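Heads up, the thing below is written out as structure tokens.
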Amino acid sequence: MEPLHLTYTDGHVMVFDADTVLRLRRDYRIVGALEGSHPTNPQQNNYYGLPLILLPEEVALLSADPSITGLEQAQGAHSEQEQLRFDLFKDLHKRGFHITRGIKFGADYMLYPGEPMRYHSHYIVNLVDHQDKITPRQLIALSRLGTSVKKTRILCSWDSTVQQFIYVNVDWSEIG
């Protein structure tokens, strides 16, 4: 397989080549986020084009592959929280999900069962501290938001006693 070259600039890893974007999606399940405008219609903001910007978690995952170049300057996790985010991303990726940013739904990630261009996301994922208490009001708000967009909210936390992530599905349903 031909090596992939990614571009690191101004603190971001970007992809400017459509064939590389397709290979990242097909061979690595790396989705990234298109951030550029379309040359023929730069004023619209519904659909974006190249470059593709990779999440720091995607960069960290790809940096382990020796056939990918251009990541030498990209830095790894700086804090414990960043490391937890990367570990969660890696765990979800190992489970076969395609993963995108979840900020649109107040989450850390959105999970897709397959290629996001072909499937809707099923899950909205939030990383929470294992020691934090979630109030009933917060739980209701999280589950209602997930249900209103036809997705299941997943709360994830690292349990250091068993050295693994704990996943809790939160779904809202009416009574009566």
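The values are calculated or read from the model by the stated rules, or taken from the named source; none is laboratory data. A quick note: this is a predicted structure, and the numbers were derived from the prediction, not measured. Quick reminder, even Gly has a Cβ in these numbers, built from the backbone with ideal geometry, and neighbours come from all protein chains shown. Keep in mind that these areas ignore ligands, DNA and RNA; they rest on the heavy atoms of the full protein, side chains included. Shrake-Rupley method; radii C 1.70, N 1.55, O 1.52, S 1.80 Å.
Identify all residues within the stretch 47-62 that are surrounded by fewer than 19 Cβ atoms within 10 Å (Cβ to Cβ) and outside any strand (DSSP E or B); write none if there are none. Full working, then the answer.
Step one: filter the stretch 47-62 for residues surrounded by fewer than 19 Cβ atoms within 10 Å (Cβ to Cβ), giving 47-50, 53.
Passing the criteria: TYR47, TYR48.
For the stretch 2-30, a residue qualifies if it is closer than 16 Å to THR100 by Cβ, open to solvent by less than 10 Å² (accessible area, probe 1.4 Å) and not in a strand (DSSP E or B), and exactly one does: LEU24.
Cβ-Cβ distances below 7 Å connect the following pairs, each with a first residue in the stretch 48-70 that is under 16 Å from MET1 (Cβ atoms), a second residue that is at pLDDT 95 or above and open to solvent by 10 Å² or more (accessible area, probe 1.4 Å), and a separation of six or more residues or different chains: LEU62/TYR28. Of all residues in the stretch 130-167, those satisfying the criterion of being hydrophobic (A, V, I, L, M, F, W, C), in contact with a helix residue (DSSP H, G or I) (Cβ under 7 Å, 6 or more places away or on another chain) and at pLDDT 90 or above are CYS156, TRP158, PHE165.
Of all residues in the stretch 94-115, those being within 22 Å of ASP171 (Cβ to Cβ), out of contact with any Gly (no Cβ under 7 Å at 6 or more places or on another chain) and open to solvent by less than 70 Å² (accessible area, probe 1.4 Å) number 12.
Of the residues making up the stretch 163-173, one or more are among the polar types (S, T, N, Q), without any contact (Cβ under 8 Å) to a residue 60 or more places away in the chain, open to solvent by 90 Å² or more (accessible area, probe 1.4 Å) and assigned to a loop (DSSP other than H, G, I, E, B).
Quick one: how many residues across the stretch 116-137 are open to solvent by less than 30 Å² (accessible area, probe 1.4 Å) and β-branched (Val, Ile, Thr)? Step through it out loud before you land on a result.
Restricting attention to the stretch 116-137, the residues satisfying the condition of being open to solvent by less than 30 Å² (accessible area, probe 1.4 Å) are 116, 121, 124-127.
Of the ones still in play, those that are also β-branched (Val, Ile, Thr) are 124-125.
Counting residues in the stretch 116-137 that are open to solvent by less than 30 Å² (accessible area, probe 1.4 Å) and β-branched (Val, Ile, Thr) gives 2.
When each of ASP87, ASP91 is tested for being at pLDDT 95 or above and either touching a Phe, Trp or Tyr at 6+ places or on another chain (Cβ under 6 Å) or surrounded by fewer than 10 Cβ atoms within 10 Å (Cβ to Cβ) (or both), the lone residue that passes is ASP91. Within the stretch 63-81, being part of a loop (DSSP other than H, G, I, E, B), at pLDDT 85 or above and under 29 Å from VAL128 (Cβ atoms) holds for SER63, ALA64, SER79.
Tell me whether the stretch 33-46 contains one or more residues that are within 26 Å of GLY96 (Cβ to Cβ), assigned to a loop (DSSP other than H, G, I, E, B) and open to solvent by 20 Å² or more (accessible area, probe 1.4 Å). No, every residue in the stretch 33-46 fails to be within 26 Å of GLY96 (Cβ to Cβ), assigned to a loop (DSSP other than H, G, I, E, B) and open to solvent by 20 Å² or more (accessible area, probe 1.4 Å). Condition check for PRO42 on (1) out of contact with any helix residue (DSSP H, G or I) (no Cβ under 9 Å at 6 or more places or on another chain); (2) at pLDDT 95 or above; (3) of a type outside the set (Phe, Trp, Tyr): one failure, at (2).
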